[in-house]
There are 2 protein chains.
Amino acid sequence: MTAGAASWLPLSTGERSVAIEVLVHGPLSRTELARRLGLSAGSLTRLTKPLIESGLLVEVAEAGVPAEARQGRPSTPLDVVADSRSFLGFKITEDTVYGVVTTLRSHIVARHDRPLTTHDPAEVADVLGEMTAELARDHPRLAGIGIGVGGFVQDRAVVGESPFLLWRDVPLAELVQERTGLPVVVENDVAALVEAETWFGAGRGLDRFVVLTIGAGLGYGLVLGGKRVPFAEEDRGFGRHWIVDPNGPLTPDGRRGNAVSMLTIPSIRYQIQAATGRDHTYEEILALAAAKDPMPARVVEEAARALGTLVAQICNFVMPQKILLAGEGVGLMDVAGKTVEETVRDQRHPLAAPVDLETKVSDFHDWARGAAVLAIKVLVLGSAEA
Amino acid sequence: MTAGAASWLPLSTGERSVAIEVLVHGPLSRTELARRLGLSAGSLTRLTKPLIESGLLVEVAEAGVPAEARQGRPSTPLDVVADSRSFLGFKITEDTVYGVVTTLRSHIVARHDRPLTTHDPAEVADVLGEMTAELARDHPRLAGIGIGVGGFVQDRAVVGESPFLLWRDVPLAELVQERTGLPVVVENDVAALVEAETWFGAGRGLDRFVVLTIGAGLGYGLVLGGKRVPFAEEDRGFGRHWIVDPNGPLTPDGRRGNAVSMLTIPSIRYQIQAATGRDHTYEEILALAAAKDPMPARVVEEAARALGTLVAQICNFVMPQKILLAGEGVGLMDVAGKTVEETVRDQRHPLAAPVDLETKVSDFHDWARGAAVLAIKVLVLGSAEA
DNA sequence: GGGACTTACTTTTGGTGCGAAACAATTGCT
DNA sequence: AGCAATTGTTTCGCACCAAAAGTAAGTCCC
């Protein structure tokens, strides 16, 4: 099966750019592709021919509008055979493995989760292997596996350090590949989500793109020129050093007003519990804030101002074309989006280009999908480069 | 002369990359060039031949060390004939025009300033024309003119808005070209300095590079992938919206703790004057602070902390490989560099890559040189792209 | 001082990728 | 039917480049 997956792999740079453009955008005619890639019509004929022969692309019937009132020879759009291959994506959390099956175009076609009762690397790999076997029954043409882990990952293969799994230098890709025979890509979960959004999501085709995730922790991803910028500190207690408000609330870690203590879900719940003595879920707190319950409203308002400050700083220094807010903790935007926007406006130059701020509430399956996209990416790009 | 300047202009992309590499780095052998550009030795022969024939490059004698104890055939480094052309750079301030003559490699070979008694566009262009004529007497082979202006510049030609000259939509490039017959490039002064540093200075060859200037105002330049990122608000009262310290000192503009009010030379002088009633120059204030005079020491210390905060934020979000601090107001670093470093460290993750922070005190001739470099760049790059 | 070795550069050759232009296909309009 | 418009195909040639083989110019060492 691995050999089969590799059959359409050796692509030239031109072929690859065509494949990626169709993959990411959807059906496109040759002329349209020529326009987008800045190539001549002749080159497109040359480039698409082997792709069609190899089965990665197909000519599809003229799309939705059948009798399109246009002159000239009708175009024959090309599309990837999205169902020809399936990919697996896993997100490993402390107590659960979330799994999804996606098409080549990263549409989720199945979900499957399993509790994680052990953190022993071999046993975790066993669980992943079993889940793969189960999913392979319904989706026979699996081409690759992507795994997202919170923590520091090296070479897309080895979990260098994961605080919550208590792992150090675990060659997870190798372990899972032994059990499944499929190519495996392991990546930090935030990094995987960022890459996925860069390819198939909000960051498609952008030159400067930022992803900010809010959940149990904070995550930051910077994409410049289509490539994610790696950095040493990612997901190793990130955001604790972003001082947003020197007068902010004190939190268990003893620092005042850092981004983690003001924005993450555990910190917000902690603040409410410390003030009211009662434990609420994040959703309950948001609902209370929306209903103008003073204490939750104040905490949420402060979080919104902190978020606005962060966004403004990012805009001022990075000037991204778009910022994506993702994660489980962006429900904040529904309740206090206006405060965020006001804070951003207040800390930016009036002539500055307005922020393109996109909010995307994500659950754990979205994180798993991100890992699957990374597997797609590595396979289509021929694993040569990032 | 313009036609002469254009004689070595039509370069292929390969030739251009060779020319630029030699231009910005200095003498390089063909083998070394092949290594740097990722080309084969054969290609270098092919590419350098026309460049040598056209006179842009020359083979130079084995450099400094004459009898280098190396085996094998000695290399024959190639160098640009730096003196074959001269370039002019002007920096226009409210009351003075600063002018420099530079070689192809942007070494300043002459300086010439003139007071500016009027802000009328035509008369300013006259002054520039006269200065050009004077300088052309001693430096006959002028190939281009670069002009740096504080304010908003469009298309490298038109001063869209300059607050201190009170200009709107002045086609300065055209006006000066009419009077001199030379190709003219007009650019925002900060932008020109940033481009110059990217080419010939601290940012050479870097992928992510930030320039922060401190002087009468603040300037910010972001270079990604070798290209400067333009933004709408540059040099239109920049930095007033960067809130660095919500508890910072109140300043004339009524906002607290923004970067302009804590860092720029006029603001620091204002703070001292407001507190002590005496007016001091910036240098005097730094000297007083170094001598531990309490009030100046406190103001400078606060400025250093503000600068540290800015640098940390830039590092956290942009992750540049280097930050260059330039301008007349970076003398701060000599007196309070330690505070800056401590503040940066305090607001960054301990695992984060350390900042490469370079300080470069610049006077107005450096700004003029920046404009000249832009002229070089546009001419060598064939004015096609940025 | 002369062969062995090393490194720098040149020439030749062949391949690749692309654009330009001519050509074929398919439709709408008159 | 004839023409214009549009898409896609084929052919040809150019520009570029890498690989390999050849040439140049020195050092090393006996």
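Every read-out reported here was derived from the displayed coordinates using simple, explicitly stated rules and does not represent laboratory data. Given the structure is predicted, the values throughout are model-derived calculations rather than measurements. Reconstructed Cβ throughout: ideal geometry from the backbone, glycine too, with neighbour counts over all protein chains shown.
Quick look at the values:
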| read-out | value |
| --- | --- |
| Segment B:E130-B:K227, extension gain: residue separation times 0.36 nm, minus the distance between their alpha carbons | 31.6 nm |
| Debye log10 I(q)/I(0) at q = 0.13, 0.20, 0.22 Å⁻¹ for the range A:135-232, Cα point scatterers | -0.53, -1.04, -1.13 |
| Cβ-vector label at 7 Å, A:A110, separations to other copies in nm | 8.0 |
| Between the range B:179-258 and the range A:78-112, the Cα center-to-center distance that results, in Å | 45 |
| Magnitude of the charge dipole, chain A, Cβ model with Lys/Arg +1 and Asp/Glu -1, debye to 20 | 1160 |
| Among A:239-248, A:177-186, the order from most to least packed when residues are scored by Cβ within 10 Å on average | A:177-186, A:239-248 |
| As computed over the range B:68-206, the Cα convex hull volume per residue (Å³) | 137 |
| Highest to lowest packing among B:71-84, B:95-108, scored as the average C-beta count within 10 Å | B:95-108, B:71-84 |
| Calculated [θ] (222 nm, deg cm²/dmol) that DSSP helices of n ≥ 4 give over chain A, each run adding -39,500 (n - 2.57) | -13000 deg cm²/dmol |
| 0 to 90° range, to nearest 10: angle between helix A:332-346 axis and chain A longest Cα axis | 80 |
| Fully extended contour minus Cα-Cα distance, from B:D138 to B:D346, at 0.36 nm per residue | 69.6 nm |
| Calculated label separations, B:E94, copies of the chain, 7 Å along the beta-carbon direction, nm | 6.0 |
| 25 °C / 0.890 mPa s Stokes-Einstein diffusion coefficient of the range B:302-386, Kirkwood radius on C-alpha pairs, µm²/s | 168 |
| Cut-off 16 Å, label 7 Å out along Cα→Cβ of B:T45, residues of the range B:71-113 by amide N | B:73-76 |
| Computed label-point distance, nm, for sites A:T13 and A:R35 using a 7 Å Cα→Cβ extension | 2.5 |
| Separation in nanometres of the label points that stand 7 Å from Cα toward Cβ, at B:D95 and A:K338 | 5.0 |
| Dmax and Rg, reported as Rg then Dmax, of the range A:206-362 (C-alpha, Å) | 15.2, 48 |
| Once the Cα gyration tensor of chain A is diagonalised, semi-axes √(5λ) in Å | 39, 27, 18 |
| Spacing of the two label points (7 Å from each Cα toward its C-beta) at B:I52 and A:R256, in nm | 6.9 |
| Whole-number D in µm²/s for the range B:113-170 (Stokes-Einstein; Kirkwood sum over Cα pairs; 25 °C, 0.890 mPa s) | 194 |
| Per-residue average of Cβ from other chains inside 10 Å of B:223-229 | 3 |
| Shielding of A:267-278 by partner chains, average beta-carbon count, 10 Å | 0 |
| Inter-chain Cβ neighbour average for residues A:201-209, partner chain, 10 Å | 1 |
| Cα-based Rg and Dmax for the protein assembly as shown, where Dmax is the largest Cα-Cα distance (Å) | 29.5, 85 |
| Förster-model FRET efficiency, 41 Å R0, B:A290 and A:R278, C-beta, rounded to 0.05 | 0.15 |
| Degrees separating the helix A:265-276 axis from the principal Cα axis of chain A, which is the longest one | 20 |
| Packing-based ranking, highest mean first, of B:36-43, A:263-270 given that Cβ atoms within 10 Å are counted | A:263-270, B:36-43 |
| Acute angle (nearest 10 degrees) that the helix B:364-380 long axis makes with the longest principal axis of chain B, alpha-carbon atoms | 40 |
